[in-house]
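The values are calculated or read from the model by the stated rules, or taken from the named source; none is laboratory data. The model shown is predicted, which means the values in this text are computed figures rather than measured ones. Here the Cβ is made from the backbone with ideal geometry for all residues, glycine too, and neighbour counts use every protein chain on show. Accessible surface is based on the protein model in full, side chains and every heavy atom, while ligands, DNA and RNA are left aside. Shrake-Rupley method; radii C 1.70, N 1.55, O 1.52, S 1.80 Å.
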Amino acid sequence: MPTPTLHSGLFIGLMSGTSLDGVDGVIAAFPSGPAQHPVATLASAYVPFSASLRAELMALQTAGQNEIEREALVANTLSSHYAACVERLLADAGLRPDQIRAIGVHGQTIRHRPELGFTRQANNPALLAELTGIDVIADFRSRDIAAGGQGAPLVPAFHQAVFADPMQTRVVVNIGGIANISVLHAHAQATPGQTRDVIGFDTGPGNVLMDLWIKRHHGKHYDENGMWAASGQAVPSLLDAMRKEEYFAAAPPKSTGRDLFHADWLARHLSNFPQQLAPRDVQATLALLTAATIADAIALHAPTAQTVHVCGGGAYNPYLMQQLAHALQQRHLTAAVQSTEALGIAPNHVEAVAFAWLALRFDQRLPGNLPRVTGARDLRILGALYPA
């Protein structure tokens, strides 16, 4: 990938992920000239989704009556949440809209079917531009899919630009609803044009199944600190059955989402147990599934990695982090597990900063994908502009 001289423009990044909890936003500064971490976060904000919005987004994950109109209305509601996040960011940073170069917004994925040639993120970037008075760049995934790629994951290109170290191999693990890894081999930063130095793909479920299960049994949106999972005992036979899912053995490039890992997927596996399993034991097994499939991917694609840096909501789950470290040790890997805080960006800010960076790439008419990661035919400029 070309190495541009980054200007000092300010970009807002907005990200709402598979966990459906809310929108994370940042104002990111990209200084001119080379730097080990060419990004600084000037402000951050979080705007939670209401229960009704979360429920409608969940319902739109599957086909239903009048879904075209429902998606359009949800997109408008999302844009109001995005605009509220932007307003909070500007107030916290003491900035005006005209001081922001552009907003990079991911939208909310409700379908991801690259094998059928499409991905769908609910979003109304035109409305967001109208509400904020700032240029909006959106729809980052479609061009990569049009070029034969998966349209995901997109963050490895950002991880390469910001986190790669010429002296050591690092793995960046994002644990949101879905988990993905970026393998940044030594010298990846020194030779950014060589995309062979970066591998990245979705490993499988991150928090999505754990969140679903605790919501069903305790009405909570997530397992805080992994305490419920820690109170149970993983069921080896259930874990072994789930790990036989064909997706885990598939070679990258690959990506996944709620289209595969959903309530029915879990129910099919649980139906094979004539005696009902204790819910907390199922939760412990789901946590171990996430840790084990991430560790399997690292063992296969980055066995010599010196460090594993975790971002996303999973980085704030001590039990899950412990299970990941243990799973790596079981595979005779010595990489130290820590959050991306050690690399200068808080775990819950990484994806939002990534979409600010993708907006920067679009603004400079530079590619934002890595063909080896997504499977696209070549480098592509990602996104579409909605001027203020």
Quick check on my filter: what residues within the stretch 225-239 are open to solvent by less than 60 Å² (accessible area, probe 1.4 Å), part of a loop (DSSP other than H, G, I, E, B) and touching an Asp or Glu at 6+ places or on another chain (Cβ under 6 Å)?
232, 235
For the list (1) in a strand (DSSP E or B); (2) of a type in the set (D, E, K, R); (3) open to solvent by 40 Å² or more (accessible area, probe 1.4 Å), I need the number of the one condition that residue 220 fails.
(1)
Contacts under 8 angstrom Cβ, first residue in the stretch 364-380 being at positive phi and free of Cβ contacts under 8 Å to residues at least 60 places away in the same chain, partner part of a loop (DSSP other than H, G, I, E, B) and open to solvent by 20 Å² or more (accessible area, probe 1.4 Å), 6 or more apart:
365/381
Note on residue 212: of the conditions (1) buried (at least 23 other Cβ atoms within 10 Å of the Cβ); (2) part of a helix (DSSP H, G or I); (3) hydrophobic (A, V, I, L, M, F, W, C), unmet is (1)
Could you go through the stretch 320-342 and let me know if any residue there is free of Cβ contacts under 8 Å to residues at least 60 places away in the same chain, among the acidic types (Asp, Glu), within 30 Å of residue 14 (Cα to Cα) and open to solvent by 30 Å² or more (accessible area, probe 1.4 Å).
yes
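Mind checking which residues of the stretch 62-83 are in contact with a Leu (Cβ under 9 Å, 6 or more places away or on another chain) and over 22 Å from residue 363 (Cβ atoms)?
Start the filter on the stretch 62-83 by keeping residues that are in contact with a Leu (Cβ under 9 Å, 6 or more places away or on another chain), which leaves 67, 70-71, 74-83.
Selection gives 67, 70, 71, 74, 75, 76, 77, 78, 80, 81.
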Going through the stretch 90-111 in order, the residues found to be under 17 Å from the mean Cα position of the chain (by Cα) and either open to solvent by less than 20 Å² (accessible area, probe 1.4 Å) or hydroxyl-bearing (Ser, Thr, Tyr) (or both) are 104, 105, 106, 107, 108, 109, 110
If residue 264 meets every condition in (1) in contact (Cβ under 8 Å) with a residue 24 or more places away in the chain; (2) in a helix (DSSP H, G or I); (3) open to solvent by 50 Å² or more (accessible area, probe 1.4 Å); (4) farther than 25 Å from residue 332 by Cβ apart from one, which number is that one?
(1)
Only one of (1) open to solvent by 50 Å² or more (accessible area, probe 1.4 Å); (2) more than 21 Å from residue 117 (Cβ to Cβ); (3) over 18 Å from the mean Cα position of the chain (by Cα) is not met by residue 348, so which one is it?
(3)
Could you please give the count of residues in the stretch 97-129 that are touching a Gly at 6+ places or on another chain (Cβ under 7 Å) and either touching a residue at least 60 places away in the same chain (Cβ under 8 Å) or of a type in the set (D, E, K, R) (or both)?
7
Looking at 291, 287, which is the one that is closer than 15 Å to residue 212 by Cα and part of a helix (DSSP H, G or I)?
287
The number of residues in the stretch 30-56 that are closer than 30 Å to residue 163 by Cβ, surrounded by 17 or more Cβ atoms within 10 Å (Cβ to Cβ), touching a Leu at 6+ places or on another chain (Cβ under 9 Å) and modelled with pLDDT of 95 or more is 4
